[in-house]
Amino acid sequence: MDFNMKKIVKDAGAALSRVVQLTEEKLGTSEKTELDGHFENLWERAENTKSFTEKIVRNAEAVLIPNPGNRIEDYIYEKIEKKRPSRLSNLEYLGIEMVEAGNAFGPGTAYGNSLIKVGQWEQKLGQTDRDFIGSAGMCFTQPLRKFLETEMRTIMKEKNLLETKRLDLDACKNRVRKARSMLGQPSAERDLRIAQSEFDRQAEITKLLLEGISSSHAAHLRCLHEFVDTQARFYSQCTTIMTDLQRELASLSGVPPTPNNSMQTDDSPTEDMMKARVLYDYEAKDSTELSLTANEVILIKDISNEDYVMGKQGSKQGKVPRAFLEVLS
C-alpha cells in the first residue's frame, strides 16, 4: 500500500498543534476567537434539540416496543435494509394460547367456550396494538430518528469543521504576532487573511444549517400531532374491542355486563351539592377544614354559615371559605 508519509506526518503535526492550542485556551494562555451571540444561541438550541430528540425517540421506542431484544432486532434489519420477519404481539400469543386451552378443555363447556371467545378478541386486540406500533413508528419515531441521522449529523460535522477553521485562524493570528522579520511578516499576514476567509465562510455555512432547526421543529410538531391522533384512535379501538368482548361474554354466561363506572366518581354532583372552582390555595386551619389548591374543582353545599360552605374532595369533607371559590353549577 502506497503511503504518503509527508502528508501523514503533516496531519499528525497539525492535530498535535490543535491539541496544544486547545489546552492553552483552557488555561487562558492563548487567545480564542469568539463567535457572536446570535450564533451561540443557535448552537445552544441545536444542542438541546439533539439531546432531547434522542431522549424522546429512545423513550417512545421503549413504550412502543418494550422488549429491548426486539428493538435491537428491528434496528439491525433496518440497517441492513432487509424486511423483518413478521412478529406477533404478546397479546396475540396470549390469545392463541387461550384458544388452544379452550379447545383442550372442551368448546362445549362454559369455561372452554369463554376461553376461546376471549382468546379470539385478545388476538384482535393484539393486531390493533401491532398496527398502532407500526403507525406510530412511521409518523413519529422514524422521522425524528431520520432527522438525527441526517440533518443533525450534518450540523455536527460542519460545526466540528468550523472549530478546526477557528483553531487555524487563531494559530495564524499567533504567528503574525510572533513574526519578527519583515520577510516573514507578509507571509504570515497572507496566511491570516486566507484563514479568516475560510473561517468566515464556514461560520456562514454552519449558521445557515443551525437556522434550519426552526423548520425541523415545525416538522416535528406535525409529527407530534400525528402521533397523538394515532394514539387516540388506538385507545378508542381498544375500548370498542373490550366493550364488545364484555358484551359477548355476558351473552354466553347470561350475566349482564358490569357497567362502566369510570366516569362516576365521588366528585359527581348530587341534588344538594354544586361544583366550584378553587380560586386560590388555602391551607386548612384544623381537621374540620379542607386544604385547597388553586384551579381544582370540588363539590360544595351551603351550611348555616355566611363565610364557609361544606366542601367535598373525593372521600374527604370539610369546611372551606366562600371567598376562595367560584361556583360553576
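The values are calculated or read from the model by the stated rules, or taken from the named source; none is laboratory data. Keep in mind that what you see is a predicted model, and the values were worked out from it rather than measured. Every residue, glycine as well, gets a Cβ built from its backbone with ideal geometry; the counts of neighbours run over all protein chains shown.
Taken together, the residues in the stretch 179-211 that are surrounded by 15 or more Cβ atoms within 10 Å (Cβ to Cβ) and part of a loop (DSSP other than H, G, I, E, B) amount to 1. So is residue 73 at pLDDT 95 or above, surrounded by 13 or more Cβ atoms within 10 Å (Cβ to Cβ) and in a helix (DSSP H, G or I) or not? Answer is no for this residue. How many of the residues in the stretch 118-139 are more than 30 Å from residue 225 (Cα to Cα) and buried (at least 18 other Cβ atoms within 10 Å of the Cβ)? Here the count works out to 2. Restricting 281, 286 to residues that are exposed (fewer than 11 other Cβ atoms within 10 Å of the Cβ), over 30 Å from residue 108 (Cα atoms) and modelled with pLDDT of 85 or more narrows the list to 286.
Only one of the numbered conditions (1) part of a loop (DSSP other than H, G, I, E, B); (2) among the hydroxyl-bearing types (Ser, Thr, Tyr); (3) surrounded by 11 or more Cβ atoms within 10 Å (Cβ to Cβ) is violated by residue 86, and that is (3). The residues of the stretch 303-329 that are surrounded by 13 or more Cβ atoms within 10 Å (Cβ to Cβ) and part of a strand (DSSP E or B), listed by number, are 308, 309, 310, 311, 312, 313, 317, 318, 319, 320, 321, 325.
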